[in-house]
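Just so it is clear, none of the values below were taken in a lab; they were calculated from the coordinates. Treat the numbers as computed from the prediction; the structure is a model and nothing was measured. Every residue, glycine as well, gets a Cβ built from its backbone with ideal geometry; the counts of neighbours run over all protein chains shown.
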Amino acid sequence: MAILFGLFQAIMPLIGYYAGASYAEQMKSIDHWLAFGLLGVIGGKMIFEGLKTPDTECKNPPNPFKWTSLLSLAFATSIDALATGIVFIPYPHIIWRAIAIIGSISFLFTFLGMYLGIHFGKRFHVKVEVLGGLILIGIGIKILIEHLTN
């Protein structure tokens, strides 16, 4: 999970950088809505799954770490980073350093977040899926508010 999130957070600004100014305005006009929608849907699904009574007779319990779930979540949380790449167009000499920092920090915080979530979820028996879903919806709302108020 940490590798995927770090990778997507690093790749999206790079794509934005190379896409250039010709697509920047078009992407800026929809990136926040796209991120909000995806995070809302994924967060809502996580809340629904977390509140659902587990089927004790189920032979194949749902896996929250499926590749499709992780890829869609990594993509959804990094869409706004696509527009960030436009910022680096006047500074081509620092794009690779910025990408390395963004990816490394995203990897580190995802890794720490997963560790803390697992540790506290087991210790306090918290419905981690519900908390994670609320956090994702909160991130989506934050992205939307930031872009709509600027």
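A compact table of results
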quantity: Most to least packed among 135-148, 69-82 [average Cβ atoms within 10 Å]; calculated: 69-82, 135-148
quantity: Charged-residue dipole, Cβ positions (Lys, Arg, Asp, Glu), the chain about Cα centre, Debye nearest 20; calculated: 340
quantity: Order of 1, 12 - criterion: other Cβ atoms within 10 Å of each residue's Cβ, fewest first; calculated: 1, 12
quantity: Within a Gaussian network of the chain (alpha carbon springs, distance under 10 Å), most fluctuating of 68, 84, 110; calculated: 68
quantity: The chain - mean residue ellipticity at 222 nm from DSSP helices (-39,500 (n - 2.57) per run, n ≥ 4, rounded to 500); calculated: -28000 deg cm²/dmol
